[in-house]
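Report on the structure given below.
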Amino acid sequence: MGLNAYKKAGGTIDTNLFDDEAVINDASKLDELFSAKLMKAAKAFQKKEKWAWVDISDASHIMPYQLTDDGELALIRPIPGELTDDQQARYVELDEEPYWNMESEKRKEKQALDDILVGEYSDEQHAMAGAVLYVANNGTVREIVGLVKAEDRNKAVEAGFLKSDEAKAADEAADAAEKKANKPAFAAAFIEDMTAIRLAAFQTALLRKPELVLDLLAFGLSRGSHWGNETMAVRFDMERNMPKNDDDAFRLCPDLGGDMPDGEDDEDDWDAEEAPIVEAFEAFLAQGKKARNVEITESFARAFKTQEADMMTLIAEKAGVSIREIWAPTAANCFKRMKAAQLDTLFLQLLEREADSAEFRTFKKLKKGEKDQKMHALFHDADVQAIYKVTSTQKARINEWTPACF
């Protein structure tokens, strides 16, 4: 729709003799023209696709839930299709190849198979449902189909295209029960802190593996590491690698942003920041490649960010990652954030005691705060370990233990 159509409908504009700009004076006239043209497209769409009704919207972006949230409309899905044996075999073959690495023809082939699986709407569905058309920001007309009005909902339920209120309530109850059964064993804040601590452990181990850091950097810059699955924060949008609150049992390497040990000075010459950049760069070059590689390793070890499980397992093996190298569980940072029953189980596992042993019965009767302190002592007090007759195997287990938060 252009200015000619607007002026033909009686709209006026203001122009400037010195440039090509024009100011539209009647926005409501423009809205009327827009709606009329979109409605014409909607009627053509309805005739072609044979939906029971078609409506229009002046929004430039619509998600289906925005049309169904108020209960006036409901969304039915198309009847899923089935692949032949040959198509299924080909689909599996295509699905094993990363989408970003696919040739254009393969992408089209996979999309065609996906379309079959999504399915099509039946004539019966078309007869009871409709669509909403809108114009996207790029000027293209788009549609949301399969929308059932409130007065046709019972008909869709009887046909099996929508769930009844009773069935939806049962599903919601089942989801709530499953969510309750799968409730995380640890509080979200504790998991966040342990995730940051684990990341710091990976970064600490990578400081000792400069070649692996460069491998990760190169991979992070390649197409193999795509958006949403980056191995490195190559733009230096560094991930949090320390607990939110002060934790005396957490020791972050100064090269990764931690504090220098008491009595030690930072080796960096902060006065160098005042030097002219050319002079500073020449001084940097004079230190040689070893010093350069140290800077690269430290910076990009700090940039390591992925939390993808399989990738972290691989890097842990190659770099020798240990959370306990930089962190130790205490009453304050760990045990008070665990449940009493979890501490009971931990006591039995670490000391290899039976549930009916006198030591465990005594521990189980303690109040929660007392259990926190007793567990802290078991980890950090040699006298307490002697009282429990901790063996070398049990001591090793205590020294390696971390909460299973991941």
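For this structure, a couple of remarks:
- By accessible area with a 1.4 Å probe, ligands and nucleic acids excluded, highest first: order of Glu96, Glu192: Glu96, Glu192
- Modelled spin labels at Ser164 and Thr84, positioned 7 Å past Cα toward Cβ, are 4.1 nm from each other.
- In the assembled protein chains, Glu308 presents an accessible area of approximately 70 Å² (probe radius 1.4 Å).
- Phi-based couplings in Hz for the range 360-376 (Karplus 6.51, -1.76, 1.60; Gly and Pro marked x): 6, 4, 5, 5, 5, 6, 5, 5, 4, x, 5, 5, 4, 5, 5, 5, 4
- Rounded to the nearest 0.05, the FRET efficiency derived from the C-beta distance between Glu172 and Asp255 at R0 = 60 Å is 0.75.
- Cα-based radius of gyration of the range 269-390 once divided by 2.2 N^0.38 Å, which approximates compact folds: 1.75
- Solvent-accessible heavy-atom area per residue, rounded to whole Å², over the range 272-406 at 1.4 Å: 59
- By a 1.4 Å probe calculation restricted to protein chains, Tyr121 has an accessible surface near 50 Å², given to the nearest 10.
- Taking each residue as 0.36 nm, the span from Phe284 to Ser299 lengthens on full extension beyond its C-alpha to C-alpha distance by 3.9 nm.
- Of the cross-linked pairs Lys29/Lys108; Lys179/Lys371; Lys305/Lys365; Lys290/Lys318, those separated by over 32 Å at the C-alpha level are Lys29/Lys108; Lys305/Lys365.
- Model label sites at Arg142 and Gln307, defined 7 Å from Cα along the beta-carbon direction, differ in position by 2.9 nm.
- Put His61, His126 in order of accessible area, highest first, and with a 1.4 Å probe you get His61, His126.
The values are calculated or read from the model by the stated rules, or taken from the named source; none is laboratory data. Just so it is clear, the model here is predicted, and its values are computed rather than measured. Here the Cβ is made from the backbone with ideal geometry for all residues, glycine too, and neighbour counts use every protein chain on show. These area figures cover heavy atoms from the full protein model, side chains too; ligands, DNA and RNA do not enter into them. Shrake-Rupley method; radii C 1.70, N 1.55, O 1.52, S 1.80 Å.
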